[in-house]
Amino acid sequence: SRHDDAHERTLFRFQLLYSILISLDFVHARQFGHLDVTPGNLMCCLQLRKDRPTLNVRFIDFGSARFTVGSGIDTIHIGTQSILGITQSYASPEIIEAASARTPNRPEITMASDMFSFGIIALQVLTGKLPSVLTAMPSSLKLALLSDLPYPELHMPIVACTEFEPADRPTSAAL
């Protein structure tokens, strides 16, 4: 039936997001920030395991990736040149600010920047809305868009990924 098909598609979307998150956590656990988390930098692979297809997502294009020092990205390596290649519609506010900053007082770039991008991808996958629309949307409206979907316990953490302040975003391990 149509309802069953819609439910299956929604479950697949959550599985896709889970696989993206696992891959992002793999990168973060090795103390790297990817810094250009976009759908174009994801490679999806279907594998057969125990006669069932399993979706695995891997990150590609580590051209913007940086090793982290403590909680922040090594600022010696962050310059305008290294940030110009990012995809702005998925970029965190601090990456966009750093890319346009003309002073040495650039904002701190952390792995939370990747979490912002993940949140925008998650909302796009679940709602079909464009990233430019989602980034301008208040959190309450983002939550309202998710209200009809299953797994309500995940709605708030997904929306929290898109908080303006990096400290307010969950880590990949916590999510």
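Odds and ends about this structure:
- When all protein chains stay in place and ligands, DNA and RNA are ignored, the 1.4 Å accessible-area order of T171, T10, largest first, is T171, T10.
- Spin-label pair I96/S147, simplified geometry with 7 Å Cα→Cβ offset, distance in nm: 2.6 nm
- ³J(HN,Hα), Karplus 6.51/-1.76/1.60, whole Hz, each residue of the stretch 114-121, x for Gly, Pro: 5, 5, 4, 4, 4, x, 5, 4
- Accessible area of the chain divided out per residue, in Å², using a probe of 1.4 angstrom: 56 Å²
- Under DSSP loop assignment and at most 12 Cβ neighbours within 10 Å, longest trypsin sites (Lys or Arg not before Pro)-free interval of the chain: 103-175
- Percent of Cα pairs exceeding the 19 Å cut-off, where the set is the chain: 57 percent
- Accessible surface of the chain, 1.4 Å probe: 57 percent of it comes from carbon and sulfur atoms.
- For the set L42, L175, the ranking by accessible area, highest first and with no ligand, DNA or RNA atoms included, is L175, L42 under a 1.4 Å probe.
- The stretch 107-175 versus the stretch 20-66: alpha-carbon centroid distance in Å: 18 Å
- Accessible surface, 1.4 Å probe, highest first, among residues D36, D4: D4, D36
- ³J(HN,Hα), Karplus 6.51/-1.76/1.60, whole Hz, each residue of the stretch 154-169, x for Gly, Pro: 9, 4, 5, x, 5, 5, 4, 4, 9, 5, 5, 7, x, 5, 8, 8
The values are calculated or read from the model by the stated rules, or taken from the named source; none is laboratory data. Quick caveat, the model's predicted, so the values are computed rather than measured. Quick reminder, even Gly has a Cβ in these numbers, built from the backbone with ideal geometry, and neighbours come from all protein chains shown. In case anyone asks, the SASA skips ligands and DNA or RNA and just uses the protein heavy atoms, side chains included. Shrake-Rupley method; radii C 1.70, N 1.55, O 1.52, S 1.80 Å.
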